[in-house]
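So the structure is just underneath, and the comments pick up after that.
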Amino acid sequence: MINEDRVLQEFLELVQIDSETKNEAKIAVVIKEKLLALGFTVEEDDAAAKTGHGANNLIATLEGTAQGPTLLFSSHMDTVVPGQGIKPSIKDGYVVSDGTTILGADDKAGIAAIFEGIRTLKENNLPHPTIQVVITVGEESGLVGSRAMDQSLLKADMGFIFDSEGPVGEITVAGAGQYRIISKIYGKAAHAGVNPEAGVSAITVASKAISRMPLGRIDEDTTANIGHFEGGKAFNIVTEYAEVWSEARSLVMDKLEAQVKKMTEAFESAAKEMGARVENNVMFMYHGYKYTAETPVVQKVTAAVKRIGREPEYKKSGGGSDGNIFNGFGIPSVTVAIGYEEIHTTNERMPLKELYKASELVLAIIEESLA
Ligand SMILES: [Zn+2]
């Protein structure tokens, strides 16, 4: 039912609009116009002012014509570098760049697929529940756009993020949440040879703490790492100050919080024992999620994948994506693969057949949501 030539032309148009992350102003205007033309009401939040990026997040809503959960489809409008003056061409069933830039299929293939699915829905007068399309800025600069989003504009019951490599049909049903910790350890300087008794070594405090905390692979859902250490000035000075950077990740938020507690408490107890002081600066990065085949959002996307003739495959992710952020907002969301290859390189390419399948998947998700 989808129009292959139309989605291809729109994809080619979108990748030729420069939108390196932080410079989304030009493409935001085009995307907003397209959403309005599709009949959406488009709202903007204040992400540009909050983050210094080139545009706001676009939150578009199409009122439903039938009962069903409100669906959210999302992609991001920014790209990595080098992404200026992209010249796409078609070679052996793929859209490619000229080799001097990325292609920007990450994530304009997602945008084109979402638009084509909805355009097909509308031209065939198919019934649909209320649909929200959210196109974010600043995904590539660390999810800063979605993190700055005005949550009050979101009213979806479940979300589908069109932004992952792998053939259409792969679904990320679990993603690790993350905390970062900067631990600042204040000891006491002294001459190491003359009166070490007067000193408190911040390095010794740090090493005691680190030796007592679980690190590496904690369990099937959870990992932790010390990523950076610095401290000390000279052979003969008891170290007054040391700094340790660490992180913890887990698919399960309770496990993540328990791990962070073990790490901060290890610093605190070691500092206390040795008469030092520690400041743990704990930074929440993003939410984790872990769904099963019984979760409604997974049920819908599974049925939709089968409807387009593919076999669903479930994956988990250790890195962050906008999906983590939407899940953190309380909207159960999965990230779906759209087929782009070798992203973030000048060899990035987009298989035509996956672009078409991704468009079909949008339509199929909407159709399954009525079932
Ligand atoms: Zn992406």
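Derivation of every value follows stated rules applied to the coordinates shown; laboratory data play no part. No experiment lies behind these values; they were computed from the predicted model shown. Neighbour counts are summed over all protein chains in view; Cβ atoms, including those assigned to glycine, are modelled from backbone coordinates with ideal geometry.
Tally Lys and Arg at +1 and Asp and Glu at -1 over the other residues with C-beta under 13 Å from the C-beta of T345: what net charge comes out?
Values: positive: R349; negative: D106, E165, E341, E342, E348.
Net local charge, T345 excluded: -4.
What is the magnitude of the charge dipole of the stretch 177-286 about its Cα centre, with +1 placed on the Cβ of each Lys and Arg, -1 on the Cβ of each Asp and Glu, and no other charges, expressed in debye to the nearest 20?
Working: 13 positive and 14 negative charges, 35 e Å.
Magnitude of the dipole: close to 160 debye.
Give me the dipole magnitude in Debye, nearest 20, for the chain about the Cα centre, with unit charges on the beta carbon: positive for Lys and Arg, negative for Asp and Glu.
Here the chain has a charge dipole of around 880 debye.
Sort F267, F284 so the one with the fewest other Cβ atoms within 10 Å of its own Cβ comes first.
F284, F267
Using Cα-Cα distances under 8 Å and only pairs 6 or more residues apart, what relative contact order does the stretch 177-286 have, in percent?
For the stretch 177-286, the relative contact order is 43 percent.
Expressed as a rounded percentage, what relative contact order does the stretch 177-227 have, with Cα pairs under 8 Å and six or more residues apart?
For the stretch 177-227, the relative contact order is 21 percent.
What's the exposure ranking of Y314, Y179, going from fewest to most Cβ atoms within 10 Å?
Values: Y314 16, Y179 21.
Listing Y314, Y179 from fewest to most nearby Cβ atoms yields Y314, Y179.
Report the residues of the stretch 234-256 in range of a label on A192: point 7 Å along Cα→C-beta, backbone N strictly under 15 Å from it.
234-242
Please name whichever of I185, V80, L256 sits farthest to the positive end of the charge dipole of the chain, dipole taken about the Cα centre and charges placed at Cβ: Lys and Arg +1, Asp and Glu -1.
I185
Rounded to the nearest 20 Debye, what is the dipole magnitude of the stretch 249-351 about its Cα centre when Lys and Arg each give +1 and Asp and Glu each give -1 at the C-beta?
Approximately 300 debye in magnitude.
Quick one: how many lysine pairs does the stretch 177-286 have with C-alpha atoms less than 22 Å apart and a gap of 8 or more or different chains? Give me the count, please.
Lysine pair count for the stretch 177-286: 14.
Run down the lysines and flag those whose C-alpha is under 18 Å from the C-alpha of K353, throwing out any fewer than 8 positions away in its chain.
K91, K108, K306
Order the peptides 144-154, 188-198 from the highest to the lowest mean number of other Cβ atoms within 10 Å of their residues. Write out the running numbers ahead of the final one.
Working: 144-154: 19.6, 188-198: 12.6.
Order by mean packing, descending: 144-154, 188-198.
Normalising by the residue count of the chain, find the relative contact order in percent from Cα pairs under 8 Å and 6+ residues apart. Spell out each step's value before the answer.
On the way: 915 pairs, mean separation 88.0, N = 371.
Averaging sequence separation for qualifying contacts and normalising by length gives 24 percent for the chain.
What FRET efficiency comes out for L370 versus E342 if R0 is 45 angstrom and r is the Cβ-Cβ distance? Round to the nearest 0.05.
It comes to 0.75.
Just to confirm a number: summing +1 for Lys and Arg and -1 for Asp and Glu over residues other than Y94 whose beta-carbon lies under 12 angstrom from that of Y94, what do you get? Write down the numbers at each step before the final one.
Values: positive: K91, R349, K353; negative: D92, E341, E342, E348, E354.
Computed value for this residue: -2.
Once whole DSSP H runs in the chain are found, which of them have Cα atoms spread over 15 Å or more along the helix axis and a mean Kyte-Doolittle score of at least 0.5?
Span-like helices here: 25-37, 202-212.
Sum -39500 (n - 2.57) across every DSSP H segment of at least 4 residues in the chain, then divide by the residue count to get the 222 nm mean residue ellipticity, nearest 500.
-10500 deg cm²/dmol
Specify the inter-centroid distance of the stretch 88-140 and the stretch 233-281, based on alpha-carbon positions, in whole Å.
44
Tally the DSSP beta bridges in the chain and give the antiparallel ones as a percent, rounded to 5. Let's see the in-between values first.
Details: 53 of 74 bridges.
So the antiparallel bridges in the chain amount to around 70 percent.
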